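These notes are about the structure you will find just below.
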Amino acid sequence: MKNLDKLCIHTITTKPWQLEKAVEKYAAAGVKGISVWRDTLENRNIVQAGEMIRNHGMEVVSLVRGGFFASTSLEKRRAAIDDNLKAIDEAAALGSPLIVLVCGADPGQSMSISRQQIQEGIEEILPYAGECNVKLAIEPLHPMYAADRSAINTMSQANDLAEQIDSPLLGVAVDVYHLWWDPELQQEIIRCGMNKHLFAYHVCDWNVPTTDMLFDRGLMGEGCIPLKDIRSWIKEAGFTGYTEVEIFSHKFWAEDQDQFLNKIIQSYLHHT
Ligand code: ZN
C-alpha cells in the first residue's frame, strides 16, 4: 500500500500559504518532504526556517531555484554567478542537499552559445557547492521555454551536460511537465540513472488545452502525462528519492488550500 513517506511538495504549489503555514499543514497531513522556493525565504532567518521544518518531522528535499546562466551581457552572467553562490549559501543554511537549476537562455544569441555559458556557469559554482555540501540538478525545460528560460530542453541534453562536466555533485531533475512528450524519455531516464545523475523527480500534469504557458499546470491525473509509465522508468533507473509535486496554477491558488492539499494527496496516491 502506497503511503506518504516519499511525497514532497514544492512551496509554490500552495503559494497562498507562508512557509510556516505550509510546513504546519503538510506535516499534519503526513507529508514528509518539502522543496522550498527561495521567495519564501526572503527576509527571514534561513537557519531557523530549516530547523522549523525538521522540528515538524519533515525533510528539505531541494531549494528552488538557481541557474539563469545564459545572457548576451557579461554583466548579467556575472550577476547570475553571484546569485547562484548566494543560493548555495541559502541551501547550506536551510539544510537543503540540492539546488534545482533552471539553466537560462537568451533570445539574442544562439542556443549553442547559451548552452556553452550554462556549462561555464555550472563549472564556476561547482567548487563552492562542494565546499558547502550542496548538490546541483539541471532541470531540462519544455521547448516552449527555449527562447528565454532554458537552452536545455531534453533529457538527452541534460545527460550530455552532466556527463561532460562529470562531477558527483551535478545531476538532473526530471520534471514530467517538461519532458513527457519526448520519444527518447525512457532510454534517457535509464541512462541518467546508470550514470548516477538522477537527483530529483517532479510531477504535475499537462492540461488539454493548456491556457497559460506558466500558470496552468494540472493536478496529477487531470491531464495527458503518462505518470505511471514515467514512474516505472524512474524506478527502473534506480531512483528511490521523493516524488515532488510542483504545480503552478492560478486556478488552484484561488481555491481553498486545505482542500487543494487534500486533492494533491489523493492524486499522488492514485495517479503517480
Ligand atoms: Zn520542476
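None of the figures in this text is laboratory data; all of them are computed from the coordinates on show. Computed from a predicted model, the values in this text were never measured in an experiment. Cβ coordinates were reconstructed from backbone atoms using ideal geometry, including for glycine residues, and neighbour counts include every protein chain displayed.
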Neighbour counts of other C-beta atoms within 10 Å: give me 132, 8 arranged from fewest to most. 132, 8
Which one of 57, 71, 142 has its Cα pushed farthest toward the positive end of the charge dipole of the range 48-144, where Lys and Arg give +1 and Asp and Glu give -1 at the Cβ? 142
At a Cα cut-off below 18 Å, give the aspartates and glutamates reachable from residue 2, other chains included and same-chain residues fewer than 8 away excluded. 229, 236, 244
By the mean-Cβ-within-10 Å protection proxy, highest first, 256-265, 155-164 rank as 155-164, 256-265
Can you tell me the FRET efficiency between residue 72 and residue 4 if r is taken as the Cβ-Cβ distance and R0 is 41 Å, rounded to the nearest 0.05? 0.35
Efficiency of FRET between residue 228 and residue 148 - r from beta-carbon atoms, R0 41 angstrom, step 0.05: 0.80
Prolate/oblate/rounded label for the range 12-164 (Cα gyration tensor, a/c 1.5): prolate
Footprinting proxy, 224, 103: sorted fewest to most Cβ within 10 Å, the residues are 224, 103
If we count every other residue with Cβ under 13 angstrom of residue 208's Cβ, Lys/Arg +1 and Asp/Glu -1, where does the sum land? -2
Hey, how many Å between the Cα centroid of the range 1-56 and the Cα centroid of the range 125-147? 21
The range 66-114: C-alpha gyration tensor shape, a/c 1.5 cut-off, then a/b vs b/c: oblate
Sum up the charges of everything whose Cβ sits under 13 Å from the Cβ of residue 165, counting Lys and Arg as +1 and Asp and Glu as -1, but leave residue 165 out. -4
Need one word for the range 109-199: rounded, prolate or oblate. Basis is the Cα gyration tensor (sqrt eigenvalues a ≥ b ≥ c); a/c below 1.5 gives rounded, then a/b vs b/c decides. oblate
Which entries in the list 32/235; 6/228; 15/86 go over 26 Å, if you measure between the two C-alpha atoms of each? none
What number comes out for the charge environment of residue 65, summing +1 per Lys or Arg and -1 per Asp or Glu over other residues with Cβ under 13 Å away? -4
